[in-house]
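Student: Here's a structure for you.
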Amino acid sequence: MTEGEQFIKTIIDSTPNMMGYWDTDLRCRYANNAFSDWFGMLPEKIIGIRFQDLVSPQLFALNEPHLRAVLAGEPQRFERTLNKADGSVGHIIGHYLPDIGADGKVKGFSIQASEVTVLKETEAKLKLAACVFENTLDGVLICDVDGEILSVNPGFVEITGYTSEEAVGENPRILRSNRHDKAFYEAMWNEIETRGRWKGEIWNRRKDGELYLLRMTVSMVRDENGDPVRYVSVFNDITALWRKDEHIRHLAFHDALTNLPNRTLLTDRIDQKLFNSDREQSQFALMFLDLDGFKLVNDRLGHHVGDELLKDVAKRLLALVRKSDTVARVGGDEFIFLVNNPQGRDEITDVANRIVNSLSEPAEILGKVLQIGVSIGIAMFPSDGHTSVEMIRNADAAMYSAKSRGRNNISFYSAGSSAP
C-alpha cells in the first residue's frame, strides 16, 4: 500500500460515518472502523461477509429494493432506525452509490451511512415543543433582546386579538393598558434582569381596546455565555375569574337588593374615618333613616312590591349623596346616610330635609302609586360617640325619638334619646 493509499485509508477509518464497498454479489469488499463499531465486529470479519448475513432478515427485506436499484445504477438515499450491537437504537441516513465501470456496467456500490441519532432526538424534542407551542391555550410571546416580537402562538392570537402577522416585528408595548405606572414596569424588569424571571398579574389591552387581566410569567433565555438572547412571556386571561372574585367581594359588602353598601362596609368606612380623625381633624354626621309606612305596603301589596319600593328609595338617596358621602342599607327598611365633613348643624339639617322631601314624593311601583315617609335620627362625631357602634346606636336612638312625634320628623341625638 502506497503512502497516499495509507493516508486515504487513515482518513476513511477515522471518519464517524460508516463507509464500505460491496460487489454485485452483495459481499463486503471494504468496511471502515465505524462499521466495526456499529455491528460489533472486527473489520476483517466484515470483509467478505454477505450483506444478508450481516443484517437481520427484517432489515434485509427493507433494504432489498434499494439494493436492486443501486445495482441497476440508481443512487439511493434512505433513513433507518437500527439496533446497534450494544443493544441501543440508532438512526442513520444511508446512501448507496453505484460504481459504474468504463463499460457502463455496475461493478459494485459504496455505502455511506451517517448516524443522526442525536439530531433525531433533538428534532423530536423540537417537534414536541412546537406542538405544545401551537396547542397550548396560554398565550406565548417570544422577543429578542431589543424587545422585538419574534413569534407568537395561536393562544396569543385568541387572547389579544392580534394576528401573528400583526404582532411579529412589533414591540409588546402594543398591548399596554396604561393602567400601570412607570415604577411597575421598572420593578418588573429589575426582577427579570436580576432573577431571570418575573411572575405576576398585569392589565393589558386587546386589539379592540378591551382591557383584560393576565397572570403572566416573563423568563429570560441566556446563551452559553450567560448573556440574554430571548425573552419568553407565557400568560393566561384571568379576567373572568377576577370578575367573579370581584362579584363575590361585592356581594360580601353590598346589599343584594339595592346594591348599596351593607352594614359591614358602612362600619368599615366609619372605622376608617375614626382612625384618621386625629390626623385629618375630620368630622361627620350619621343619619339613621327608618321608612314610615313601609310595613303597610309590604303587608297589603306583598314583598315583591316592597322590594321594588326599596330599590326606588335607594335610587333617590343615591341622587342626594356627594362623592365623599355614603348611603347604606342596614336593615329591612332602615338606611344610614353618612355625611362627610358637614359645615355645621344647619347643613346637616338641610341634607336631612332634602331626604325627607325626596322620599315623601309619590312613587309609581309596578303600576301602583305609593307614598311613604321617613324618620331620621342624627348622631354627630365627635360629640355623639367615638366608635362605630356608639355612633350607630345613638343615631338609632335619635331616630326613635323622631318617629315618636309622627311621620317625616328629624331628631338630633341628645343624652335623653333612647331606643325602645
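The values are calculated or read from the model by the stated rules, or taken from the named source; none is laboratory data. All of these numbers come straight from a predicted model, not from anything done at the bench. FYI the Cβ positions are ideal-geometry reconstructions off the backbone, even for glycines, and counts take in every protein chain you see. When the accessible area is computed, the model is the full protein with side chains, heavy atoms only, and any ligands, DNA or RNA have been set aside. Shrake-Rupley method; radii C 1.70, N 1.55, O 1.52, S 1.80 Å.
Student: Please verify whether region 218-225 includes one or more residues that are surrounded by fewer than 17 Cβ atoms within 10 Å (Cβ to Cβ) and in contact (Cβ under 8 Å) with a residue 40 or more places away in the chain.
Tutor: Looking for residues that are surrounded by fewer than 17 Cβ atoms within 10 Å (Cβ to Cβ) and in contact (Cβ under 8 Å) with a residue 40 or more places away in the chain, one finds none in region 218-225, hence no.
Student: Could I ask something else about it? Does region 159-173 hold any residues that are assigned to a helix (DSSP H, G or I) and open to solvent by 50 Å² or more (accessible area, probe 1.4 Å), and which are they?
Tutor: Residues satisfying the conditions are Glu165, Glu166, Arg173.
Student: Being open to solvent by 10 Å² or more (accessible area, probe 1.4 Å), touching a residue at least 40 places away in the same chain (Cβ under 8 Å) and β-branched (Val, Ile, Thr), is that true of even one residue in region 394-410?
Tutor: yes
Student: For region 57-86, what are the residues that are open to solvent by 30 Å² or more (accessible area, probe 1.4 Å), in contact with a Pro (Cβ under 8 Å, 6 or more places away or on another chain) and either closer than 18 Å to Phe39 by Cβ or assigned to a helix (DSSP H, G or I) (or both)?
Tutor: Leu71
Student: Moving to a separate point now. Find the helices (runs of 4 or more DSSP H) located wholly in region 1-51 whose residues include 3 or more that are at pLDDT below 80 and open to solvent by 60 Å² or more (accessible area, probe 1.4 Å), and list them.
Tutor: 3-14
Student: As an exercise: evaluate Glu364 against (1) open to solvent by 70 Å² or more (accessible area, probe 1.4 Å); (2) farther than 17 Å from Gly293 by Cβ and give the number of the one condition it does not meet.
Tutor: (2)
Student: In region 367-385, how many residues are open to solvent by 70 Å² or more (accessible area, probe 1.4 Å) and over 18 Å from Val339 (Cβ atoms)?
Tutor: 3
Student: From the residues in region 179-206 that are in contact (Cβ under 8 Å) with a residue 24 or more places away in the chain and either in a helix (DSSP H, G or I) or surrounded by fewer than 13 Cβ atoms within 10 Å (Cβ to Cβ) (or both), which one is nearest to the chain's Cα centre (by Cα)?
Tutor: So the residue we want is Glu201.
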